[in-house]
Amino acid sequence: MSDQSAHTPLAEPAVAISELTRTFGDLTAVDHVSLSIGTAEIFGIIGPNGAGKSTLIRMLATLLPPTSGTASVAGCDIVRQPAEVRRRIGYVPQLLSADGSLTGYENMLLSARLYGVPRHERKERIERALIRMGLADAAKHLAGHYSGGMLRRLEIAQSLLHRPAVLILDEPTVGLDPGARETVWDRVIELRDRFHRTMIVTSHLMDEINEFCDRIALIDRGRTAAVGTPAELKAKVGPDATLNDVFIQLVAANEGERERGYGEVRRARRAIRDHG
Amino acid sequence: MAKLGAPAELSATMAERSLTQAAGDYLTQTCAVAAAEVQKLYHDPLELITRAVQPVLWLMLFGEVMARVRGVAPGNIPYLDYLAAGILAQSALFVAIFYGISAIWERDLGVLQRYLASPAPRSALVLGKALSAGVRALSQAIIVYVLALLLGVGINLNPLNIAGVAAAIVVGSALFSTLSLIIACLVKTRERFMGIGQVLTMPIFFASNAIYPLSLMPAWLSTVSHFNPLTYEVDALRVLMLLHGASDYGLLLDFGVLVVVTAALIGVAARMYGRMGY
């Protein structure tokens, strides 16, 4: 389905977020966020720790229902049609999602079956994906013995088997060495240029966001502090500004009000984990 | 979950996926989860071997001593025979009741999110996990059978009976592993789970007919035991597994209770499993 549809530009954006809000008890993790992400766009989400990036992304992946507001992802509504959204997107969580006690091939097979890849296509699609990700030789080894970079490539391969229109990557390069990071980004770029996939990526590394993302949203305390291309955001701050400067300046603008001590961070994290 | 008043485009996409295709997907997804668990066992079978120690101890220590006490087992069936069916159910129970801990482990790792982000219905995921607990328990059954034969227990080796035993064990394990999953969804940490798991196994095991008949119990305990699904699992196992075993309630009621309780628990667990990812 995806290969034909990818080349015909959609009239509506791939992702349209409107007034999306999520609270955990007293904490408003995501606060009336509205964004529009175009087809075949690499959209970066940046922001300080605890800004609400992961909460936002988990709502888009339908893992967490919003408190209010909604979003349309790949043409389906995350509140009313979560199962349809799941069928159309790929999601690579920040945490380790490949199963270490299964082999690379078995991990892929599990995903193929869960995502309804037709039986007669499974083997071929899996083998091709493993070759493309440079994992063909390791396919029969337990994922528990993979390096960090191999695991990320396996997870990305797993989430692409059903050819999703939108791929959501939550900190895909965290903990990877520069070589492995580059491999991940090469794949992301290829997915955009060759297959016209839309990608939403979070990262703490301003260099890679600056280099690879078409547009960025800076999220701070649950709100969008700025949206635009890397060049637009940098121009706002100054002629020679880097994305790091943008981050520091726009986030620091609010710094006075927020003195988050250990206690508050702990409370916030526990709330995010336990509420629901 | 579908809400009332869905727009026309939604019902159109639903209609496109025919009912048979949806049923086929459901089956594939359920089996995918179960198959993954079986593959894990294949890669690391040590767990199965260590788990075999407990039934061996029960039959060879407890069983041999209690066999000298007359009048525990009803009718003229030797106590060791009577006990063998109970120990089979017990070893399956112990595998199943700690099953939830792997769900907590998967949640902490992130593997759970892979499952929950997939289009598989939550009930298919829960059912798949439940069936895989049944497969684990079947490997226990093989060990108990071998041991019981060595100890001279009168075992019925008719293939139909063996199939019946396998069915009772799979359903019983699905039941208790789903109960375990529900507890895991509630407590969310391994430490709390371990405490509750220990507290649960004792009453489920002793307030049942696993090692003595309900007729030996004080009235209140006998009443409690009638509400214990393990009682019906053991009852079915006794008549199916043993040459001279008898059922107190009949196989229809035994399997009826097991299937209905399992289905109800899966319904509850499916609702809670999705929230475990929050």
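Where a number appears in this text, it was derived from the coordinates with a stated rule and is not lab data. All of these numbers come straight from a predicted model, not from anything done at the bench. Every residue, glycine among them, receives a Cβ derived from its backbone with ideal geometry; neighbour counts consider all protein chains shown.
Quick one: Karplus J couplings for the stretch A:157-174, per residue in order, coefficients 6.51, -1.76, 1.60, θ = phi - 60°, nearest Hz, x for Gly and Pro?
Going residue by residue, I get 4, 4, 7, 9, 4, 8, 6, x, 6, 10, 10, 10, 10, 9, 6, x, 9, 5 Hz, with x marking Gly and Pro.
Note the full-extension length gain between B:PHE62 and B:LEU109 as 0.36 nm times their separation in residues minus their Cα-Cα distance, in nm to one decimal. Walk me through the numbers on the way to the answer.
Working: separation 47, 0.36 × 47 = 16.92 nm, distance 3.98 nm.
Contour length minus the Cα-Cα distance gives 12.9 nm.
Give me a single rounded figure for B:30-40: the average over its residues of other chain Cβ atoms within 10 Å of their Cβ. Working shown, then result.
Values: counts 1, 1, 7, 3, 0, 4, 9, 3, 0, 9, 6.
For peptide B:30-40, the averaged partner shielding equals 4.
Where a ≥ b ≥ c are the square roots of the eigenvalues of the C-alpha gyration tensor, would you call chain B rounded, which needs a/c under 1.5, or, failing that, prolate if a/b is larger than b/c, or oblate?
Values: a/c = 2.01, a/b = 1.89, b/c = 1.07.
In terms of gyration-tensor shape, prolate.
Rounded, prolate or oblate for the stretch B:162-202? Axes are the square roots of the Cα gyration tensor eigenvalues, ordered a ≥ b ≥ c, and the cut-off for rounded is a/c under 1.5. Let's see the in-between values first.
On the way: a/c = 4.41, a/b = 2.45, b/c = 1.80.
Here the stretch B:162-202 falls in the prolate category.
What does the C-alpha gyration tensor say about the overall shape of the stretch B:108-156? Classify as rounded when a/c is under 1.5, otherwise prolate if a/b is larger than b/c, or oblate. Don't skip to the end; give the middle numbers.
Working: a/c = 7.82, a/b = 3.28, b/c = 2.38.
Judged from the Cα gyration tensor, the stretch B:108-156 comes out prolate (a/c at least 1.5, a/b above b/c).
What are the lysines whose alpha-carbon lies under 27 Å from the alpha-carbon of A:LYS236, with same-chain residues fewer than 8 places away excluded?
Candidates past the 8-residue exclusion: A:LYS53.
Distance between the C-alpha centers of the stretch A:56-99 and the stretch B:95-116? Whole Å please.
Rounded to whole Å, the Cα centres lie 20 Å apart.
Which of the peptides A:221-230, B:139-148 is most tightly packed, and how do the rest follow, judged by the mean count of other Cβ atoms within 10 Å per residue?
Details: A:221-230: 18.0, B:139-148: 19.5.
The peptides rank, most packed first, as B:139-148, A:221-230.
Return the whole-Å distance between the Cα centroid of the stretch B:200-240 and the Cα centroid of the stretch A:193-241.
63
Around B:LEU242, which amide H atoms from residues at least 5 apart in sequence, or from another chain, sit under 5 Å from its own amide H, with H modelled in the peptide plane?
The answer is B:ASN156.
Express the Stokes-Einstein translational diffusion coefficient of the stretch B:131-218 in µm² s⁻¹, to the nearest whole number, given a Kirkwood radius over alpha-carbon pairs, 10 °C and a viscosity of 1.306 mPa s. List each step's numbers first, then the result.
Numbers: Rh = 15.2 Å.
The diffusion coefficient I find is 104 µm²/s.
Can you list the aspartates and glutamates whose alpha carbon is less than 17 Å from that of B:LYS40, not counting same-chain residues fewer than 8 positions off?
A:ASP99, A:GLU106, B:GLU106
Averaged over A:104-114, how many beta carbons belonging to a partner chain fall within 10 Å of each residue's beta carbon? Let's see the in-between values first.
Values: counts 0, 1, 6, 4, 0, 4, 10, 4, 2, 12, 15.
Rounded to a whole number, the mean comes out at 5.
Can you give the average number of partner chain beta-carbon atoms within 10 Å of each beta-carbon in peptide A:78-89, as a whole number?
Numbers: counts 0, 1, 7, 8, 4, 8, 6, 2, 5, 4, 1, 2.
Going residue by residue through A:78-89 and averaging, the value is 4.
What is the sum of charges, Lys and Arg at +1 and Asp and Glu at -1, for the other residues whose Cβ falls under 10 Å from the Cβ of B:SER247?
Values: positive: B:ARG238; negative: B:ASP235, B:ASP248, B:ASP254.
That sum, taken over residues with Cβ under 10 Å, equals -2.
By how many degrees, 0 to 90 and rounded to 10, does the Cα axis of helix A:119-132 deviate from the longest principal axis of chain A?
It works out to around 70 degrees.
Restricting to Cα pairs below 8 Å that are 6+ residues apart, what does the relative contact order work out to for the stretch A:2-274? Please round to a whole percent. List each step's numbers first, then the result.
Values: 468 pairs, mean separation 67.1, N = 273.
Contact order relative to length: 25 percent.
Rank by packing, highest mean first: peptides A:158-169, B:193-204, with packing defined as the count of other Cβ atoms within 10 Å averaged across residues.
Put in order of decreasing packing, that is A:158-169, B:193-204.
Sequence-distant or interchain residues sharing an amide H contact under 5 Å with A:GLY47, placed H: which?
It is A:ILE219, by chain and number.
To the nearest 0.05, what FRET efficiency results for A:SER68 and A:GLU12 with a Förster distance of 22 Å applied to their C-beta separation?
Between A:SER68 and A:GLU12 the formula returns 0.50.
Enumerate the lysines that B:LYS188 could reach by cross-link, defined here as Cα to Cα under 18 Å, with residues fewer than 8 away along the same chain left out.
B:LYS129
Whose amide H sits under 5 Å from the amide H of A:VAL79, counting only residues 5 or more places off or on another chain, with H placed in the peptide plane?
For A:VAL79, whose amide H was placed from the backbone, the distant partners under 5 Å are A:ALA71.
Please work out the Cα center distance from the stretch A:107-163 to the stretch B:120-148, rounded to the nearest Å.
26
Just to confirm a number: summing +1 for Lys and Arg and -1 for Asp and Glu over residues other than B:LEU214 whose beta-carbon lies under 11 angstrom from that of B:LEU214, what do you get?
Working: positive: none; negative: B:ASP235, B:ASP248.
Result for the neighbourhood of B:LEU214: -2.
Using Cα pairs closer than 8 Å and at least 6 residues apart in sequence, work out the relative contact order for chain B, in percent. Working shown, then result.
Numbers: 337 pairs, mean separation 71.5, N = 278.
Relative contact order comes out at 26 percent.
Any idea what Rg and Dmax come out to for the protein assembly as shown if you just take the C-alpha atoms, in Å?
27.2, 96
For a distance above 22 Å, tell me the whole-number percent of Cα pairs in chain A that qualify. It would help to have the intermediate numbers written out before the result.
Values: 22096 of 37950 pairs.
Of all Cα-Cα pairs in chain A, 58 percent lie more than 22 Å apart.
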